[in-house]
Structure formats: C-alpha cells, structure tokens
Amino acid sequence: MRAIWYEQQGPAHDVLVFGEMPDPEPGPGEVRIRVVASGINPGDVRKRQNSFGVGMPYPRIIPHSDGAGVIDRVGDDVAATRIGQRVWCYGAQTYRSFGTAAECVVVPAPQAVPLSDAVSFEQGACLGIAGITAHRAVHVAGDVKERTVLVQGGAGAVGFSAAGLARLAGARVIATVRSAGDAPVAQRAGAHHVVRTEGRSTSEVVAELGALATDGVDHVVEVAFDANVNVDVELLKVGGSLSTYATVASEPPIPFWPMAFKNLRIFFLGSDDFPASAKADAAHAVNAMLEAGWPGFEISERYPLERAADAHESVERRRTGGRVILQVSQFGT
C-alpha cells in the first residue's frame, strides 16, 4: 500500500516520507479499512512536532487518528457481514503506530463506526477527534437538557461539534466566536446565540454574555482555558461546571477562591484516554446528530496522499476555517 510515515519528529517536509509498505492484516477483533479520506487534526501535527515532549512511541508512525472508507477485511471474532460497510473511524493512531494516512488502516472493530450513505467520506474523516472530544466536553458533568451551555470557540472543529451536540441534547446554546464572519458558522452548527469577541473588551463580552444568561451559565465548553478561565468563572452559576480540552499556556493560573466559593467543577479532557464507553456513546450521538440534519464541516482544502507535508503545514498556519483532509483513494465511492 501507499502510505505516509515518519521515523523521527520535526518539520513536516523534513520528516514525512511517502512510499510503499505491505498491507496490514487485521487481528482478532479488528477490521481493515480501505481508506478514502484521512482527516488531519492539530493533535496529529503536534505529535509529529513532538510538541507534547513524549518523543517517538514507535520506531515508525503513520500519522492521523481519523479517517473514513470501506471495510475490506475482518479478523477473527468480527462478523463477515461488515465487509463492504462504509465507516468512519477514530483512534486509529491512539496507542497504535499506524494511522489513516495510508491506503489501508487496521482498527479495533468498535472504532469503525457505520457511515450513512448520505454522508460523504470526507465528512466522515473529520468526525473522530472533534466529535468525540465535543461530546465528552458537553456531557462529562451530566445531563444538559434545558440547561444553558456556553461553547467558547464555536467556529472551531470541537466547538462546532459541541454546539450541535449540546443542542441535540436539549440545551440552550450560547457560542463565542472570534470574528463576525465566524458567527454564521456557529449558528449553522446549532448555537441559539452567538457573541463576537474580536475587537471588544472583556467587559463588553462578559456583559453581552451575561445578558443572554441572566441566571448564569450551567456549563462551559472551553477551547482556551488560560485566556478565558476568569470569564468562565464569572459567568458560571453556583454549582456550575467547566470542561476544557485546550490551552496555550501549559501552566495557567487558576482563580481558586472564586471557583471554590461557587463550588464549581472542572474537567480537563484528553481524548486519547476517554473511557471506551464514553467514546462509543459519542460515536452514536455524532451519527444521530448527522441524521438530525447537522450540516457537517466545511472542507476547505484537499490534498493527495503524497502531499501530506503540504497539508500538515496548512493545518499549522490555520487559526479558524474549514477542515484539511487527505484524499487517499476512490475506493468505495
């Protein structure tokens, strides 16, 4: 099969290799997917850069955890009826060496999720990390039905998914976005109200959010913990909760006493280590959201497999906007 891999970490054009390697074979409880599209997430780029400082967990890594395609082979203990099924997958490169930047990928059978004929492989390739992180971020503190949920960064991939999943669960959704141009994106995702932050003071943003949530916010989904934690604490009601999956500063200060006096709960989320049951629930909810008419992601850039380094550099440059994918093959289309 054709594949992209790296054997050392560093800049994309320095370390990513395009070449041929043997097709993988599924083991017991696994399926092999003939990959049509491979999604690129910021975490994939950071692993290649060694941004987390964990080094090379395997001698050779095929990057990317998310993808979509058609199951063409199954291992023992997997029903043969799954052969030919359209699927999206998650966690392909989570505690595994070979991800979806290849013509074939092997994953545990539960991580190959049925993909409706009405949903493109390109969309399927974007669902995994964003959708599963968003679902956990929305639901980790409990039921959000008839509660007010604030999604910080509603135009980003996780925020976009969180707005849709929170609305699907019956929440009243308020989203923040950086620019006026991002507002329609968050609205399309499912936000009832959208607040722009660019070019405005913190007090102005807090005032507008407070006017929309006069009784306080029940739960916050946070993309920039270091930048927004003080605002979140001010807006949250007593007994509220905050879930966060990203920060710029690795050791941000925490407003301990304001949080303590409000009896707030805080959840730090790393998607690789969510419970398996939470990931399965998230995958089911993401499919339900798509079936309910959620519009899916904008795909802004498509690259052939051999241009993976260019695709990685594009992800590195982007702050907001659509998703970047690799078009791996036409199999199953």
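The values are calculated or read from the model by the stated rules, or taken from the named source; none is laboratory data. The shown structure was predicted, so the numbers you read here are calculated from the model rather than taken from an experiment. Glycine gets a Cβ as well: all are built from the backbone with ideal geometry, and neighbour counts include every protein chain shown.
Filter region 66-89 down to the residues that are touching a helix residue (DSSP H, G or I) at 6+ places or on another chain (Cβ under 6 Å) and either in a strand (DSSP E or B) or among the small types (Gly, Ala, Ser) (or both) and list them by number. So that I can check it myself, show each step before the final result.
Start the filter on region 66-89 by keeping residues that are touching a helix residue (DSSP H, G or I) at 6+ places or on another chain (Cβ under 6 Å), which leaves 66, 68, 71, 74, 78, 88-89.
Answer for region 66-89, where residues must be touching a helix residue (DSSP H, G or I) at 6+ places or on another chain (Cβ under 6 Å) and either in a strand (DSSP E or B) or among the small types (Gly, Ala, Ser) (or both): 66, 68, 71, 74, 88, 89.
Could you check region 252-268 and list, in sequence order, the residues that are among the aromatic types (Phe, Trp, Tyr) and loosely packed, with under 14 Cβ neighbours inside 10 Å?
Selection gives 256, 257, 261, 268.
Could you look through region 269-288, keep only residues that are surrounded by fewer than 15 Cβ atoms within 10 Å (Cβ to Cβ) and under 20 Å from residue 121 (Cβ atoms), and pick out the one that is nearest to the chain's Cα centre (by Cα)?
Only one residue tops the list, namely 284.
Identify, by number, the condition in (1) among the polar types (S, T, N, Q); (2) surrounded by 14 or more Cβ atoms within 10 Å (Cβ to Cβ); (3) touching a residue at least 60 places away in the same chain (Cβ under 8 Å) that residue 330 doesn't meet.
(2)
Just to be sure I understand the filter: pairs with C-beta atoms under 7 Å, separated by 6 or more residues or on different chains, first member in region 222-247 and farther than 10 Å from residue 264 by Cβ, second member surrounded by fewer than 18 Cβ atoms within 10 Å (Cβ to Cβ) and of a type in the set (D, E, K, R). Which pairs pass?
Pairs that qualify, where the first residue is farther than 10 Å from residue 264 by Cβ and the partner is surrounded by fewer than 18 Cβ atoms within 10 Å (Cβ to Cβ) and of a type in the set (D, E, K, R), are 247/226.
Which residue is surrounded by the most Cβ atoms within 10 Å (Cβ to Cβ), if the candidates are limited to region 185-200 and must be more than 20 Å from the chain's Cα centre (by Cα) and more than 12 Å from residue 153 (Cα to Cα)?
My answer is 193.
Mind counting the residues in region 269-306 that are farther than 26 Å from residue 185 by Cβ and without any contact (Cβ under 8 Å) to a residue 40 or more places away in the chain?
Total meeting the criteria: 4.
Within region 201-240, work out how many residues are buried (at least 22 other Cβ atoms within 10 Å of the Cβ) and of a type in the set (S, T, N, Q).
Count: 1.
Conditions: (1) touching a strand residue (DSSP E or B) at 6+ places or on another chain (Cβ under 9 Å); (2) farther than 30 Å from residue 111 by Cα; (3) of a type in the set (D, E, K, R). Residue 222 meets all but one. Number of the miss?
(2)
At pLDDT 95 or above, surrounded by 24 or more Cβ atoms within 10 Å (Cβ to Cβ), of a type outside the set (Gly, Ala, Ser) and in contact with a Leu (Cβ under 7 Å, 6 or more places away or on another chain) - does that describe any residue in region 94-102?
Checking region 94-102: not a single residue is at pLDDT 95 or above, surrounded by 24 or more Cβ atoms within 10 Å (Cβ to Cβ), of a type outside the set (Gly, Ala, Ser) and in contact with a Leu (Cβ under 7 Å, 6 or more places away or on another chain).
State yes or no: is residue 40 farther than 28 Å from residue 245 by Cα and either at pLDDT below 95 or within 22 Å of the chain's Cα centre (by Cα) (or both)?
Answer is no for this residue.
If residue 92 passes every condition in (1) in a loop (DSSP other than H, G, I, E, B); (2) free of Cβ contacts under 8 Å to residues at least 40 places away in the same chain; (3) more than 20 Å from residue 157 (Cα to Cα) but one, which one does it miss?
(3)
Quick check: anything in region 58-66 more than 20 Å from the chain's Cα centre (by Cα), charged (D, E, K, R) and over 30 Å from residue 14 (Cα atoms)?
Looking for residues that are more than 20 Å from the chain's Cα centre (by Cα), charged (D, E, K, R) and over 30 Å from residue 14 (Cα atoms), one finds none in region 58-66, hence no.
Within region 154-171, which residues are within 13 Å of the chain's Cα centre (by Cα) and in a loop (DSSP other than H, G, I, E, B)?
Once the filter is applied, which keeps residues that are within 13 Å of the chain's Cα centre (by Cα) and in a loop (DSSP other than H, G, I, E, B), region 154-171 yields 154, 155, 156.
Determine which member of the set 49, 85 is under 23 Å from residue 329 (Cα atoms) and not acidic (Asp, Glu).
From the options 49, 85, the qualifying one is 85.
Kindly provide the set of residues from region 50-73 that are touching a residue at least 40 places away in the same chain (Cβ under 8 Å) and surrounded by fewer than 22 Cβ atoms within 10 Å (Cβ to Cβ), ordered by number.
50, 55, 56, 57, 59, 60, 70, 72, 73
For region 261-284, give me the residue count where each residue is under 14 Å from residue 135 (Cβ atoms), part of a helix (DSSP H, G or I) and either among the aliphatic types (A, V, I, L, M) or modelled with pLDDT of 95 or more (or both).
Of the residues in that region, 9 qualify.
Has region 11-18 got at least one residue that is modelled with pLDDT of 95 or more, over 23 Å from residue 109 (Cα atoms), part of a strand (DSSP E or B) and not aliphatic (A, V, I, L, M)? Let's see the steps before the verdict.
Here is the first cut: in region 11-18, the ones modelled with pLDDT of 95 or more are 11-18.
Now restrict to residues that are over 23 Å from residue 109 (Cα atoms): 11-18.
Filter once more, so that each one left must be part of a strand (DSSP E or B): 17-18.
Then keep just the ones that are not aliphatic (A, V, I, L, M); that gives 18.
Yes, some residue in region 11-18 is modelled with pLDDT of 95 or more, over 23 Å from residue 109 (Cα atoms), part of a strand (DSSP E or B) and not aliphatic (A, V, I, L, M).
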